[in-house]
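J.: Would you mind keeping the following structure in view while I ask a few things?
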Amino acid sequence: MRLSWPRCANDIARKVRHLKVLIAGTGFAGQGHADAFRAAGADVVGIVGRTPHVVQDVAAKMGIPFAGCDWQEALETCQPDIVSIATPGGAHYAPIKQAIAFGCHVFCDKPMTDDSATAIELNALAQAKGIKTAYAASFRYAPSVLHAKRLVAAGAIGEPTEVECISHFNLEREIPFGWSHRKKDGGGRLNNNFTHTLSIVASVAGEKILNIIGEVRDDLGRAPIVEGVHNFATRRDFIPKDLNDPALKWGISDVEWSYTVMAQLESPLAEKPVSVLFKHGGLVPRFHDDHIVFYGTKGAIYIKGHYGSGQLSHYGDDKTWRDLPLPADIAAAVPDVAGETEQCWHTLARLFVRDIRGEATEPYPTFAEGSQYQQIIDLIRKNDNWTDVSGLA
């Protein structure tokens, strides 16, 4: 078991050696987390997955010393300082609880868990243990979002008044049935889209969420069951060629594929609460670009893309929209890796490692936000915000 060093001795030791990281998950996220922590200067000492040959192959490809399927054994063998949880949300609770008991700092992808009760419990356990946590609703670190945050703070739109986040993914209905279709596995568009956009808006306009109301809809129904899908990023490669094959089996979706949410945030930059609209259609086509827009009393900021990773435009005193270049310092700090998701993981991992080493760093999302977001998602999923007006004259 881990030696119980005095905290000061632990802190000194961490500053003079590389932190050891154990990864849970072998797919796109697990491999992405491993790369992010290595780039942050940590040592990835082990990886754990469900399928022996898959975890062995990934470990060999990535040069990770330990590979296994038993999480507790991996904790005891690898003695990590940090665990990185990169499995679907429904598989987060048990390994995080074990890691907290072991004294590890925890980096967890969204969603934190599959319901609010377990998220609340894990946040409380982490705080009681005094460990650090990071919650990877991480698109708040997209370069244009960081640019927007700077502009809004500098008064470029006056007092922020409202925000709109609009996205239509047009996902293939034939994507094989898996964790994304099941509530118990952390599926659903709220868990896997809303978490990012809420984090983006909070980082720019204000972290204190005051009120929420929303509606969800499952407009998928079912999806084909296909064997052999191990990596979320390549799931489209397994779409059946013949959907009318009588031998094809189907799984039933029990999560939302579309949502409409309204929120009010308290902003340190505005006297009144900021109104926010989150509109997402997972299965419907887009006509105009997905976007995020921050409106204020003196202007607006538009960012192209569902997570604000595209071109930023500003509407100011001259009453015209102008594309603004990314500031040189923000551009220089963008991690040199392909993929927006990967870049944001790298940024958060870098902040997390610096914090654990005792270096000064800016605040980042933790299990406090993860727990809060999970409670908000549960409230929205109740779908009980409607007022019956059918009998009105």
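The values are calculated or read from the model by the stated rules, or taken from the named source; none is laboratory data. Everything numeric in this text was worked out from a predicted model, so none of it was measured. Here Cβ is always computed from backbone atoms with ideal geometry, including for glycine, and neighbour counts include all displayed protein chains. Surface areas here come from the heavy atoms of the whole protein model, side chains and all, with no ligands, DNA or RNA. Shrake-Rupley method; radii C 1.70, N 1.55, O 1.52, S 1.80 Å.
J.: Provide a single number: the residues in the range 206-224 that are outside any loop (DSSP other than H, G, I, E, B), under 17 Å from residue 251 (Cα atoms) and out of contact with any helix residue (DSSP H, G or I) (no Cβ under 7 Å at 6 or more places or on another chain). Before you say what the answer is, go through the steps one by one.
T.: Our first condition is that a residue be outside any loop (DSSP other than H, G, I, E, B); within the range 206-224, this holds for 208-217, 222-224.
Then keep just the ones that are under 17 Å from residue 251 (Cα atoms); that gives 222-224.
Checking which are out of contact with any helix residue (DSSP H, G or I) (no Cβ under 7 Å at 6 or more places or on another chain) leaves us with 222, 224.
The number of residues fulfilling the criteria is 2.
J.: Failed condition for residue 276, given (1) touching a Ser or Thr at 6+ places or on another chain (Cβ under 7 Å); (2) part of a strand (DSSP E or B), with all others met?
T.: Result: residue 276 fails condition (1) only.
J.: Go through the range 225-243 and report how many residues are in a loop (DSSP other than H, G, I, E, B), touching a residue at least 40 places away in the same chain (Cβ under 8 Å) and either surrounded by fewer than 13 Cβ atoms within 10 Å (Cβ to Cβ) or within 25 Å of the chain's Cα centre (by Cα) (or both).
T.: Applying the first criterion (in a loop (DSSP other than H, G, I, E, B)) to the range 225-243 yields 225-231, 239-243.
Filter once more, so that each one left must be touching a residue at least 40 places away in the same chain (Cβ under 8 Å): 225-226, 229-231, 239-240, 243.
From what is left, the residues that are either surrounded by fewer than 13 Cβ atoms within 10 Å (Cβ to Cβ) or within 25 Å of the chain's Cα centre (by Cα) (or both) are 229-231, 243.
The total comes to 4.
J.: Among (1) within 20 Å of residue 341 (Cβ to Cβ); (2) touching a His at 6+ places or on another chain (Cβ under 8 Å), which single condition is residue 89 missing?
T.: (2)
J.: Can you find, within the range 244-266, the residue that is least open to solvent (accessible area, probe 1.4 Å) among those that are farther than 27 Å from residue 279 by Cα and among the aliphatic types (A, V, I, L, M)?
T.: If we filter the range 244-266 for residues that are farther than 27 Å from residue 279 by Cα, which is where we start, we get 244-250.
From what's left, among the aliphatic types (A, V, I, L, M): 247-248.
Details: 247: 79, 248: 36 Å².
Only one residue tops the list, namely 248.
J.: Being under 22 Å from the mean Cα position of the chain (by Cα), more than 23 Å from residue 265 (Cα to Cα) and open to solvent by less than 20 Å² (accessible area, probe 1.4 Å) narrows it down to one of 330, 303, 292, so name that one. Steps first, please.
T.: Values: 303 fails: more than 23 Å from residue 265 (Cα to Cα); 292 fails: more than 23 Å from residue 265 (Cα to Cα).
Of the residues listed, the single one that is under 22 Å from the mean Cα position of the chain (by Cα), more than 23 Å from residue 265 (Cα to Cα) and open to solvent by less than 20 Å² (accessible area, probe 1.4 Å) is 330.
J.: May I ask you to verify whether residue 293 is in contact with a helix residue (DSSP H, G or I) (Cβ under 7 Å, 6 or more places away or on another chain) and hydrophobic (A, V, I, L, M, F, W, C)?
T.: no
J.: Of the residues in the range 60-73, how many are touching a residue at least 12 places away in the same chain (Cβ under 8 Å) and farther than 14 Å from residue 230 by Cβ?
T.: Of all residues in the range 60-73, those touching a residue at least 12 places away in the same chain (Cβ under 8 Å) come to 62, 64-72.
With the extra rule that they be farther than 14 Å from residue 230 by Cβ, the set shrinks to 62, 64-68, 70-72.
Selection size over the range 60-73: 9.
J.: Another one. Are any residues in the range 288-324 among the small types (Gly, Ala, Ser), touching a residue at least 40 places away in the same chain (Cβ under 8 Å) and not in a loop (DSSP other than H, G, I, E, B), and if so, which ones?
T.: Within the range 288-324, 296, 300 meet the criteria.
J.: Another question about this same structure. Return the residues of the range 203-224 that are among the charged types (D, E, K, R) and open to solvent by less than 60 Å² (accessible area, probe 1.4 Å); say none if nothing qualifies.
T.: Taking the range 203-224 first, the residues among the charged types (D, E, K, R) are 207-208, 215, 217-219, 222.
Those that are among the charged types (D, E, K, R) and open to solvent by less than 60 Å² (accessible area, probe 1.4 Å): 215, 219.
J.: Here's a follow-up. Please go through the range 143-162 and give me each residue that is among the aliphatic types (A, V, I, L, M) and part of a loop (DSSP other than H, G, I, E, B), ordered by number.
T.: First, pick out the residues of the range 143-162 that are among the aliphatic types (A, V, I, L, M): 145-146, 148, 151-154, 156-157.
Of everything in the range 143-162, those that are among the aliphatic types (A, V, I, L, M) and part of a loop (DSSP other than H, G, I, E, B) turn out to be 154, 156, 157.
J.: Among 78, 104, which is in contact with a Lys or Arg (Cβ under 7 Å, 6 or more places away or on another chain) and either on the phi < 0 side of the Ramachandran plot or modelled with pLDDT under 95 (or both)? Working first, answer last.
T.: Details: 104 fails: in contact with a Lys or Arg (Cβ under 7 Å, 6 or more places away or on another chain).
One residue alone meets the criteria, 78.
J.: Related question: Output the number of the condition that residue 200 fails; it satisfies all remaining conditions of (1) part of a strand (DSSP E or B); (2) surrounded by 21 or more Cβ atoms within 10 Å (Cβ to Cβ).
T.: Unmet for residue 200, out of (1) part of a strand (DSSP E or B); (2) surrounded by 21 or more Cβ atoms within 10 Å (Cβ to Cβ): (1).
J.: When the range 340-365 is examined, which residues are found to be of a type in the set (Val, Ile, Thr) and buried (at least 19 other Cβ atoms within 10 Å of the Cβ)? I'd like the intermediate steps shown before the answer.
T.: Within the range 340-365, the first condition is being of a type in the set (Val, Ile, Thr), and the residues that meet it are 341, 347, 353, 356, 361.
If the condition is that a residue be of a type in the set (Val, Ile, Thr) and buried (at least 19 other Cβ atoms within 10 Å of the Cβ), then 341, 347, 353, 356 are the ones that fit.
J.: Still on this model: List, please: which pairs have Cβ atoms under 8 Å, are six or more places apart or on different chains, and start with a residue in the range 161-172 that is within 12 Å of residue 189 (Cα to Cα) and aromatic (Phe, Trp, Tyr) and end with one that is modelled with pLDDT of 95 or more and not in a loop (DSSP other than H, G, I, E, B)?
T.: Going by the 8 Å Cβ cut-off, the qualifying pairs are 169/193; 169/280; 169/281.
J.: For the range 77-103, which positions are open to solvent by 40 Å² or more (accessible area, probe 1.4 Å) and under 20 Å from residue 42 (Cα atoms)? Reasoning before the result, please.
T.: If we filter the range 77-103 for residues that are open to solvent by 40 Å² or more (accessible area, probe 1.4 Å), which is where we start, we get 77, 79, 88, 91, 93-94, 97-98, 101.
Matches in the range 77-103: 77, 79.
J.: Of the numbered conditions (1) in contact with a His (Cβ under 8 Å, 6 or more places away or on another chain); (2) assigned to a helix (DSSP H, G or I), residue 26 satisfies every one except a single condition; which is it?
T.: Condition (2) is where residue 26 drops out.
J.: A follow-up question, please. State whether one or more residues within the range 159-168 are touching a His at 6+ places or on another chain (Cβ under 8 Å), among the small types (Gly, Ala, Ser) and open to solvent by less than 10 Å² (accessible area, probe 1.4 Å).
T.: yes
J.: Take the conditions of a type in the set (Phe, Trp, Tyr) and over 23 Å from residue 193 (Cβ atoms) and apply them to residue 321. Does it pass? Break it down into steps so the answer makes sense when it comes.
T.: Numbers: of a type in the set (Phe, Trp, Tyr): yes; over 23 Å from residue 193 (Cβ atoms): yes.
So residue 321 fits the description; yes.
J.: If I ask for residues that are surrounded by fewer than 15 Cβ atoms within 10 Å (Cβ to Cβ) and in contact (Cβ under 8 Å) with a residue 24 or more places away in the chain, which ones from the range 380-392 would you list? Before you say what the answer is, go through the steps one by one.
T.: Kept after step one, since they are surrounded by fewer than 15 Cβ atoms within 10 Å (Cβ to Cβ), are these residues of the range 380-392: 382-392.
Result: 383, 385, 386.
J.: Then there is this: Among 149, 184, 132, which is the only one that is in contact (Cβ under 8 Å) with a residue 24 or more places away in the chain, under 29 Å from residue 228 (Cβ atoms), basic (Lys, Arg) and open to solvent by 10 Å² or more (accessible area, probe 1.4 Å)?
T.: Answer to the selection: 184.
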